[in-house]
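So the structure is just underneath, and the comments pick up after that.
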Amino acid sequence: MIVARTVAELRAALRDRRDGAIGLVPTMGALHEGHATLLRAARQADDTVVMSIFVNPTQFNEQSDLAAYPRTEEADLALAQAAGVDVVFAPDAAEVYPPGFATTVSVTGPIAETLEGAERGRAHFDGVATVVTKLLLAALPDHAYFGAKDAQQVAVIRRLVADLGLPVSLVVCPTSRDDDGLARSSRNTRLSPDERARALAIPRALQEMTDAAAAGIVDAEALRARGTATLEASGIRPEYVALVDPETFAPVAEIAGPVLVAIAARVGATRLIDNTVIGGA
Ligand code: AMP
């Protein structure tokens, strides 16, 4: 396994591998089983698997969150090796943002401005869009792998790839969950045992809303109220419980097709997000 610290090293590592398919799995490290599902998908489909590790400062809206973000490079490299990764791209911030850096890729409209975009501020998805564009241009992969857990991030990246005509196919992998239903996240390590138990209200709320929709409740407000009540019963006041069109992120009033149900909530000091799609055919 090659560890490339610069774009030049990454390109050199990939130069002789472009006859086969290249898959890129962008991550911020602190790898867990959720990341491993993306790596497995890439390993199955691609001849060369590239994984990036970069804790992107520009997408953090809270300095304390950036400072507390777990950094576990040694363990990450071991996991990557075990998962059959061929090339790890782990640049430092100066490699990605050299002095004088002044370009931003900014997706506009509800996809980037609602929910996470509203709660975390404009700069969050600008940071995501800019760094993902840079990673895609650095590696020029055939496939890039993302998790459905970050559904809005996927929608933002889908938009920029289409709008900029980037020659890559996106592969979206289902959310990987712990046995008790909690979506795997690098931030879960920050939860105390009590907080972790209370956080289970998030997947429970999603499941209850799924069941209620399957039982014929089509009114989005009624479903939202149900999910909110489940969270509040565990002492969690959500930032949002949203029912939106999965592609445009426009709010929906009635379930008449696939609807993305997205939740963001702080449990203690830790901010968690999760989602599911209801009302599919
Ligand atoms: P992160 O390191 O949190 O930026 O995540 C890197 C990639 O892994 C993103 O595409 C995430 O959506 C994806 N990912 C993170 N957690 C999960 C999970 N529990 N299930 C599936 N994909 C995930």
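Derivation of every value follows stated rules applied to the coordinates shown; laboratory data play no part. This is a predicted model, so every value here is computed, not measured. Counting neighbours? That spans all protein chains shown, and the Cβs are built from the backbone with ideal geometry, glycine included.
The table below lists the values:
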| item | result |
| --- | --- |
| Helix-only CD estimate at 222 nm, as mean residue ellipticity for the chain, using -39500 (n - 2.57) per DSSP H run (n ≥ 4) | -12000 deg cm²/dmol |
| Protection proxy ranking of 137-146, 97-106 - average other beta-carbon atoms within 10 Å, highest first | 137-146, 97-106 |
| Surrounding net charge for residue 5, when Lys and Arg each add one and Asp and Glu each subtract one, Cβ distance under 12 Å | -4 |
| Bridge type composition, the chain - antiparallel percent by DSSP, nearest 5 | 50 percent |
| Debye log10 I(q)/I(0) for the stretch 2-173, one point scatterer per Cα, at q = 0.10, 0.11, 0.13 Å⁻¹ | -0.35, -0.43, -0.61 |
| Pairwise label distance in nanometres, residue 73 with residue 9, each label 7 Å out on the Cα-Cβ vector | 0.9 nm |
| Gain on full stretching of the segment that runs from residue 247 to residue 17 - 0.36 nm per residue minus C-alpha separation | 79.4 nm |
| Proximal charge balance of residue 54 [Cβ under 13 Å; K/R count +1, D/E count -1] | -1 |
| Rounded if a/c under 1.5, otherwise prolate or oblate - the stretch 80-136, Cα gyration tensor axes | oblate |
| Cα centroid separation - the stretch 192-221 against the stretch 8-53, whole Å | 34 Å |
| Extension reserve of the residue 208-residue 194 stretch, reckoned as 0.36 nm per residue once the Cα distance is removed | 2.9 nm |
| Which of 62, 9 has the fewest Cβ neighbours within 10 Å, and the rest in rising order | 62, 9 |
| When the convex hull of its Cα atoms is projected in every direction, mean area for the stretch 131-257 (nm²) | 9.5 nm² |
| Sorted by Cβ neighbour density within 10 Å, fewest at the top, the residues 40, 5 | 5, 40 |
| Extension reserve of the residue 254-residue 229 stretch, reckoned as 0.36 nm per residue once the Cα distance is removed | 7.1 nm |
